[in-house]
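The values are calculated or read from the model by the stated rules, or taken from the named source; none is laboratory data. Because the structure is a prediction, the values reported are computed rather than measured. Glycine gets a Cβ as well: all are built from the backbone with ideal geometry, and neighbour counts include every protein chain shown.
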Amino acid sequence: MPHPRAVGLLPRRVVWSAVAVVLVASYLPLAAVLASAMEGGVTTVLQHALSVLTDARRRGLLTRSALIAAGATLSAVGVGVPVALLVRHAAPRARFLLGSTLILPLVVPTYVFALGWQRLVDPTGPLARFAGAFGAAGLPLPDLATAAGVVAVLALRYLPLVVLGASTGFTRVDPALEDAARLVHPPPWVLARVVLPLARPEIVASGLVVFNLALVNYTVPSLLRVPTFPVEIFAAFSGLLDVQAAVGLSLPLLAVGTLSVVAARLVVGKRPLAVAARRTPPEPLPAGSRLVATRTALFVLLAITVAAPLAGIADMVSGPQSVVEAYRLAAPQVWRTVGWAMVAATLLAAHGLAAGHLVARSRSLAAELLFLLPLALSPTVLGIGLIRLWNRPYLEGVLETTAVLLLVYVGQLVPFTAVPATASLAGVPRALEEAGMLSGMGWLQRMRLLLLPLAWRGVAVGWLLAFALSLDEVGASILVQPPDGETLAVRIYNLSHYGAAESVGALCLIVLAIVAVPLLVVGLVTLRRSSALLPSAPSP
């Protein structure tokens, strides 16, 4: 039930609408899956769930998936925490630049990461040719078609989540406490015994979120042809049409995912997961080391998260004509995907504003978990649930149109707009809204004139993430799309399995160009609005 403190600032119909959207889009499909599975008998479903303990093959797949998720989490945390420390001690302009760079890996589609890196380290790829040009032909390159390769790609994909989470934790460290500790202890001791313990809840929480996302990821292991447990669940439904088996096998992942999301929320205590404390940042690093460290971090981040996969994708394309031809053949898929992605992103941004307001004002744990738990929902389970929910005589028209893609996107991406909005709205004083109410402003006026101007950054980031992640969706779309409703991501996925490398590379470049447009717009607006708040660089 919505908290009364939040309902007082927004009409009940708005609050209940925000709750209803996530219930219908995320939780009803899950309920439909469980209900339909029970039709075949609870015993059958439990037998499939327990088969992960009795069947050696399935037990091995689950173990591999858990190890991949753990490896990706540890790698992302091991790299992300030092980067977050660098962001914390950077000069204001460098801090802004580093923070803006961190959003790039989140908007680059997962399949671009996987396919780009796979091409880059291929025996006939750019790195092999570069090594051959310098007399190092036959240089051994890593094979990404392994569990270690999946770990590397997923760690790079989710690295920004750890950096952002750790940065939130570091903002809670009082610089005065840190300075006092430095008077009697060396910097390594202060870092290990003061700074990291205070930021540990946010670091652990972001690690748990990464673990869950890596555990249920279907796209990367499927593209790299590495058998994992999510791939097994997909095969059980799409290949064998065995709903009971797919649901039974999904129960362990669903339980682990739910526990990880709940643990991530509980570990940070009473404060909302995304809300940072407002403290004066610590003193920047000395000018020389600051410049070298910042430039090095920017170069490495851009190289491994953007430039490397982009170079691999570009190497798959023979020239501009290939891109033109690929667009001509896939134009319906391009515009269908972009259209529904924009609609979904806009609806999710509006929903995120209402959901974020509810969480920020009520500080209700139940409300926050309501909008966070869809992170635990596997795309395959969501796809099965949408089919079971809407495949009825009086509702089947939904599955026969591409409008079902909107349900797919909204069902998965609610947390990615609710969390940024919560973070931004938590910084807007409640008294400001109450003053607007006393002056006679309606709730729409308060949203438009008071909240949006102050919380626009969180809403814009949420829209951008929702748009980019909609273009990235494969696991559920491939199950529910109608015969004439193929999405661009599914087309790339299918062509990659057919070995059409040039078409895949050309379509990936088109996707990157599509994502670049809103990213550039949001970046320019952010830079323009922030430039007035950033101190001028000192003259040499």
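Just a few scattered comments:
- Those residues of the stretch 160-184 which are in a helix (DSSP H, G or I) and among the polar types (S, T, N, Q), in sequence order: 167, 168
- Going through (1) part of a helix (DSSP H, G or I); (2) surrounded by fewer than 21 Cβ atoms within 10 Å (Cβ to Cβ) one by one, residue 199 falls short only on (2).
- Pairs, first within 21 Å of residue 432 (Cβ to Cβ) in the stretch 358-382, second hydroxyl-bearing (Ser, Thr, Tyr) and surrounded by fewer than 22 Cβ atoms within 10 Å (Cβ to Cβ), C-beta under 9 Å, six or more apart: 358/364
- The one condition in (1) in the same structural domain as residue 220 (by TED's automatic domain parsing); (2) farther than 28 Å from residue 64 by Cβ that residue 135 fails to fulfil: (1)
- Condition met for residue 421 (crowded, with 24+ Cβ neighbours inside 10 Å and more than 16 Å from residue 341 (Cβ to Cβ)): yes
- Residue that is nearest to the chain's Cα centre (by Cα) [pool: residues in the stretch 73-84 that are crowded, with 21+ Cβ neighbours inside 10 Å and among the hydrophobic types (A, V, I, L, M, F, W, C)]: 76
- Residue satisfying all of: in the stretch 478-505; of a type in the set (Gly, Ala, Ser), part of a helix (DSSP H, G or I) and over 17 Å from the mean Cα position of the chain (by Cα); nearest to residue 391 (Cα to Cα) among these: 496
- Exactly one residue out of 436, 440, 485 is under 25 Å from residue 362 (Cα atoms) and in contact with a Lys or Arg (Cβ under 9 Å, 6 or more places away or on another chain): that is 436.
- Candidates 224, 198, 215 - the one that is without any contact (Cβ under 8 Å) to a residue 40 or more places away in the chain and of a type in the set (A, V, I, L, M, F, W, C): 198
- Residue within the stretch 371-381 that is crowded, with 19+ Cβ neighbours inside 10 Å and under 18 Å from residue 357 (Cβ atoms) present: yes
- Test result for residue 450, in contact with a Leu (Cβ under 8 Å, 6 or more places away or on another chain), farther than 18 Å from residue 164 by Cβ, part of a helix (DSSP H, G or I) and in the same structural domain as residue 21 (by TED's automatic domain parsing): yes
- Meets criteria (outside the structural domain of residue 263 (by TED's automatic domain parsing), part of a helix (DSSP H, G or I) and within 18 Å of residue 473 (Cα to Cα)) for residue 345: yes
- Cβ pairs under 8 Å, 6+ apart, first in the stretch 53-64 and closer than 23 Å to residue 211 by Cβ, second part of a helix (DSSP H, G or I) and among the polar types (S, T, N, Q): 58/51
- When residue 228 is tested against (1) modelled with pLDDT of 80 or more; (2) within 24 Å of residue 103 (Cβ to Cβ); (3) surrounded by 17 or more Cβ atoms within 10 Å (Cβ to Cβ), just one condition goes unmet, and that condition is (2).
- Residue list for the stretch 46-62, filter: within 17 Å of residue 225 (Cα to Cα) and either loosely packed, with under 13 Cβ neighbours inside 10 Å or β-branched (Val, Ile, Thr) (or both): 57
- Residue check for residue 439: of a type in the set (S, T, N, Q), in the same structural domain as residue 367 (by TED's automatic domain parsing) and surrounded by 14 or more Cβ atoms within 10 Å (Cβ to Cβ): no
- Hits in the stretch 428-484 (condition: among the aromatic types (Phe, Trp, Tyr) and farther than 26 Å from residue 517 by Cβ): 443
- Restricting 155, 148 to those that are crowded, with 21+ Cβ neighbours inside 10 Å, modelled with pLDDT of 80 or more and in the same structural domain as residue 263 (by TED's automatic domain parsing) reduces the list to 155.
- Of the helices (runs of 4 or more DSSP H) lying entirely inside the stretch 1-85, those carrying at least 2 residues that are modelled with pLDDT of 75 or more, closer than 26 Å to residue 264 by Cα and not acidic (Asp, Glu) are 12-22, 28-38.
- Apart from one condition, residue 354 fits all of (1) more than 18 Å from residue 467 (Cβ to Cβ); (2) out of contact with any helix residue (DSSP H, G or I) (no Cβ under 8 Å at 6 or more places or on another chain); (3) assigned by TED's automatic domain parsing to the domain that holds residue 455; the exception is (2).
- Selection count where residues are in contact with a helix residue (DSSP H, G or I) (Cβ under 8 Å, 6 or more places away or on another chain) and part of a helix (DSSP H, G or I), scope the stretch 384-415: 21
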